[in-house]
Amino acid sequence: MQLSYIKFFMLFTSFTVSAQQTQLGKTAVKDLVKKMSVEEKARLLVGTGMPGWVGLTKLPNPPKMKVPGSAGKNMAFPKYNIPELILADGPAGLRIKPERDNVSKKYFATAFPVATALASSWNAALVKEIGEAIGNETKEYGVDLLLAPGMNIQRNPLNGRNFEYFSEDPLVTGTMAAAYVNGVQRNGVGATLKHFAANNQESNRFGVNEHISQRALREIYLKGFEIAVKNSQPWAIMTAYNKINGTYVSENKELLTDILRDEWKFEGLVMTDWFGGYGSEDEVRANKVSNVAAQINAGNDWLMPGTPQQIEAVIKQVKSGKLNTSAMDKSAERILKIILKSPVFRNYKYSDNPDLKAHAKISKQAATESMVLLENKSNTLPLKLNGKKVALFGNTSYNFISGGTGSGDVNEAYVVSLLDGLKNSGAKTDVRLSSKYLPYIKIEDSIQTERRKREGALSKYIRIREMPFSDAEIERASNENDFAIFTIGRNAGENGDRPVSDFYLADDEKVMIDRISSVFHQKNKKFIIIMNIGGVIETLSWKDKADAVLLSWQPGQEAGDAVAEVLSGIVNPSGKLAQTFPKDYKDVPSSNSFPGIPADFPLDSNYNEGIFVGYRYYDTFKIPVAYPFGYGMSYSQFDFSDLKVQNDESSKTLQVSFTVTNSGNTEGKEVAQIYVSAPHQKMKKPIQELKVFAKTELLQSGKSQTFSVTIPYYDLSSFDSATSSWKLEAGNYELRVGNSSQNILIKQVFHVSNPTMVLKTENLLKPDRVVNEL
Ligand code: BGC
């Protein structure tokens, strides 16, 4: 009796212990995963589908969602205390649906400047602040993991998603992405770097095979991710759809395990892009299945958004032995570790009420600091707006584009048009012009909206033809106004690249610019052009027709007010291009190979330009450009001085210091860009490469700021594919400091006496065919 009581007691305690052990948060994740069945783990690793859809079929009566408009989630397991994590898009703000059933309140999110704009600020602290605000909205709207930032290299200006990405340069890209992630994650929500890696085109994004040399991968396409991972430890990384050298990224163990985790020490989880590894959307519709064994074995933990077929396949592949149980367990552990940190796990009571007013202010400040002044003949700008009569031309002036389309779109409460921005600054805008433009835009815009509703979220943006005006009307406007403004608008987004024609102005735009320019100039009145674009366009043929050209990019919801602040000089422009504006599309190094072969549906894309992307190409091969990388004007002038370079061969670092002085009359900020030109020994090198950058604080006239930076040899080294190592060659190097890649103001030579192998790596990501490089 006594004995059986003891036995029963022992049984009971071991039962309670095991029940406790199967609760997330109460016991080691490893033990919990051991307790889960294969079926349960399969359901954890495969998402529950896009909310309201099964595969790519929309459900007629979708179940109620916790956060309408979010992009995906995992399955919850109440018995293990595993909640569902909510994932929603960025990067220009949180992407959720404003409308909810039977609720009059709208759940708007703040539209911030697009990533390309943010990069033009060259201000990582500012980008961190934006990340913090977006992270706050993420948390306060009940989302756990933000699917942002996007950080692919802007290899070619026609990529439809360039606006979601930062730059043609990996250092700018990686630094900005790290700042963004650090800002987001300060809130206790996660950020996701995407799309890892080389997702540089939308044409056949699901299936294109990109042939890239190991050196170009390491130095250009992976470098930004490496910087961001090492400096921000994001919760998650989203794999790109494309193949690299014959293997889908989501199935690429060398990339996801050997490089990302073993070399860079990434600790978070890896998820696919939506239906990544499927080859095409048609395969999803046909109920086919991605190679789940290859994906999970490679270290791609989460299959998003997930299909029922993938769950079955995971179970089957574990049973067949193709999917390693240990890989599956590791993936489950990584997912659970992220869930453990999430707001939903911590039972965070989100308010559904973020401080949108405060965030609007941050959005406007970032927009003004991201704008790039490209032309300013005879100090046309700044100009007084208050009380001035303005002839405002261009459809987009009345319908400013805050950001791009597709999953990078944000559902904001409003966008301040340039018309309203000018009015808010006290300008008197020409009423006869606005009374023609506004109804025209209204009709054209509603046609677009209807079409896009019919075609779905990923439908293409079609530019509205410029509203035509008679000569007499322009003549009248020139008589009655003090100056004229014309806005060039461009938009694009996910699922399509821009056609070459979109790089150039259309005839209707050219005609308007020509006519306004000649009529206003005849009367000695100024003409200003605003570029409201998300990607690089041709400028050379028309820029001289304007007295000033301001690149506002797609600046988020406060657009018009931000433009007005820069035009009127409330803010002195300090943005610099994070991508080159070539003279012509044919000058782009990838113009012959983008988007691949065959051009209408590329199966293969050859990265023949190798490491010579952007300014690395134009500067090295002396191809004249319209505006170089790093370029941007100010209303003030800045001097660079006191350059000191100390090369410490023992610690393998370079110590650099220099001073920037505002020598003009207006307070402002300047960006110091440090390029290094390496000796040309055995390895082919770009003539110079950006190694560090720094933005000054707001400097009053006459004031200076001194910078001291350390550059490790690793950052100076180049990847040698033959030996799989990062090498620094011996010889004379030149350190150059300037405010664009083509405006170096101070420089100094330093000498490296011995060739150094800075880091040896594994021989990974070998090309699957010969890549003939420049
Ligand atoms: C996009 C991702 C996005 C995902 C979820 C995909 O189509 O490529 O950037 O995060 O959808 O919306």
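The values are calculated or read from the model by the stated rules, or taken from the named source; none is laboratory data. What you are looking at is a predicted structure, and each value in this text was computed from that prediction instead of being measured. Glycine gets a Cβ as well: all are built from the backbone with ideal geometry, and neighbour counts include every protein chain shown.
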Task: Count of segment 71-91 residues which are closer than 17 Å to GLY55 by Cα, touching a residue at least 60 places away in the same chain (Cβ under 8 Å) and either among the aromatic types (Phe, Trp, Tyr) or more than 8 Å from the ligand (Cβ to nearest atom) (or both) - done: 1
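Looking at this structure, is SER203 surrounded by fewer than 24 Cβ atoms within 10 Å (Cβ to Cβ), at pLDDT 95 or above, within 16 Å of the ligand (Cβ to nearest atom) and not charged (D, E, K, R)? Reasoning before the result, please.
Values: surrounded by fewer than 24 Cβ atoms within 10 Å (Cβ to Cβ): yes; at pLDDT 95 or above: yes; within 16 Å of the ligand (Cβ to nearest atom): yes; not charged (D, E, K, R): yes.
Yes, satisfied.
Matching residues to (1) over 27 Å from SER552 (Cβ atoms); (2) aromatic (Phe, Trp, Tyr); (3) under 26 Å from the mean Cα position of the chain (by Cα); (4) in a loop (DSSP other than H, G, I, E, B):
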{"site": "LEU577", "(1), (2), (3), (4)": "no, no, yes, yes"}
{"site": "PRO595", "(1), (2), (3), (4)": "yes, no, yes, yes"}
{"site": "ALA626", "(1), (2), (3), (4)": "no, no, yes, no"}
{"site": "SER636", "(1), (2), (3), (4)": "no, no, no, yes"}
Task: Residue within segment 251-270 that is of a type outside the set (Val, Ile, Thr), surrounded by 22 or more Cβ atoms within 10 Å (Cβ to Cβ) and within 14 Å of the ligand (Cβ to nearest atom) present - done: no
Open item on the list: Taking the condition of being free of Cβ contacts under 8 Å to residues at least 60 places away in the same chain, buried (at least 23 other Cβ atoms within 10 Å of the Cβ) and farther than 16 Å from GLY630 by Cβ, how many residues in segment 653-698 meet it?
Closed with: 1
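In segment 437-556, which strands (runs of 3 or more DSSP E) lie fully inside it and hold 2 or more residues that are not hydrophobic (A, V, I, L, M, F, W, C)? Give the steps one after another, and end with the answer.
Details: elements: 483-489, 526-532, 548-551.
The strands (runs of 3 or more DSSP E) meeting that bar are 483-489, 526-532.
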Open item on the list: Considering only segment 61-82, I want to know if a residue exists there that is at positive phi, assigned to a loop (DSSP other than H, G, I, E, B) and within 24 Å of the chain's Cα centre (by Cα).
Closed with: yes
Task: Total residues in segment 447-470, condition away from the ligand (no atom under 16 Å from the Cβ) and touching a helix residue (DSSP H, G or I) at 6+ places or on another chain (Cβ under 7 Å) - done: 5
Task: Exclusive hit being among the polar types (S, T, N, Q) and loosely packed, with under 15 Cβ neighbours inside 10 Å, set ASN81, ASN74, ASN61 - done: ASN61
TODO: Please state which of the following conditions VAL184 fails to meet, knowing it meets all the rest: (1) surrounded by fewer than 24 Cβ atoms within 10 Å (Cβ to Cβ); (2) in a helix (DSSP H, G or I); (3) not acidic (Asp, Glu).
DONE: (1)
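Would you mind finding the one in ARG218, ARG285, ARG205 that is in contact with a Gly (Cβ under 9 Å, 6 or more places away or on another chain) and basic (Lys, Arg)? Spell out how you get there, then give the answer.
On the way: ARG218 fails: in contact with a Gly (Cβ under 9 Å, 6 or more places away or on another chain); ARG205 fails: in contact with a Gly (Cβ under 9 Å, 6 or more places away or on another chain).
None of the other options fit; the residue is ARG285.
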Task: Residue pairs meeting the criteria (Cβ under 6 Å; at least 6 apart or on separate chains; first under 15 Å from GLY493 (Cα atoms), in segment 447-458; second within 15 Å of the ligand (Cβ to nearest atom) and at pLDDT below 90) - done: ARG452/SER459
- [ ] Could you run through segment 152-176 and say how many residues are within 14 Å of the ligand (Cβ to nearest atom) and small (Gly, Ala, Ser)?
- [x] 1
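Residue-wise test of (1) in contact with a Leu (Cβ under 6 Å, 6 or more places away or on another chain); (2) among the aromatic types (Phe, Trp, Tyr); (3) under 21 Å from GLY493 (Cβ atoms).
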| position | (1), (2), (3) |
| --- | --- |
| SER121 | no, no, no |
| VAL127 | yes, no, no |
| LEU145 | yes, no, no |
| ARG155 | no, no, yes |
| ASN159 | no, no, yes |
| PHE163 | no, yes, yes |
| VAL172 | no, no, no |
| ARG186 | no, no, no |
TODO: Please state which of the following conditions LEU94 fails to meet, knowing it meets all the rest: (1) more than 13 Å from the ligand (Cβ to nearest atom); (2) buried (at least 17 other Cβ atoms within 10 Å of the Cβ).
DONE: (1)
Task: Condition met for ILE537 (closer than 27 Å to ALA367 by Cα and under 26 Å from the mean Cα position of the chain (by Cα)) - done: yes
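Looking at segment 327-354, which of its residues are over 30 Å from GLN317 (Cβ atoms) and over 24 Å from the mean Cα position of the chain (by Cα)? Don't jump to the end; show me each part of the working.
Of all residues in segment 327-354, those over 30 Å from GLN317 (Cβ atoms) come to 343, 346-354.
Scanning segment 327-354 gives PRO343, ARG346, ASN347, TYR348, LYS349, TYR350, SER351, ASP352, ASN353.
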Open item on the list: Give all pairs with beta carbons closer than 9 Å in which a residue from segment 128-148 that is in contact (Cβ under 8 Å) with a residue 12 or more places away in the chain and under 12 Å from LEU118 (Cβ atoms) meets a residue that is basic (Lys, Arg) and surrounded by fewer than 24 Cβ atoms within 10 Å (Cβ to Cβ); count only pairs at least 6 apart in sequence or on separate chains.
Closed with: LYS128/ARG186; GLY131/ARG186
Open item on the list: For PRO68, only one of the following conditions fails: (1) touching a Pro at 6+ places or on another chain (Cβ under 9 Å); (2) away from the ligand (no atom under 14 Å from the Cβ). What is its number?
Closed with: (2)
TODO: Inspect all residues belonging to segment 227-239 and state whether any of them is more than 24 Å from the chain's Cα centre (by Cα), within 16 Å of the ligand (Cβ to nearest atom) and within 24 Å of LEU340 (Cβ to Cβ).
DONE: no
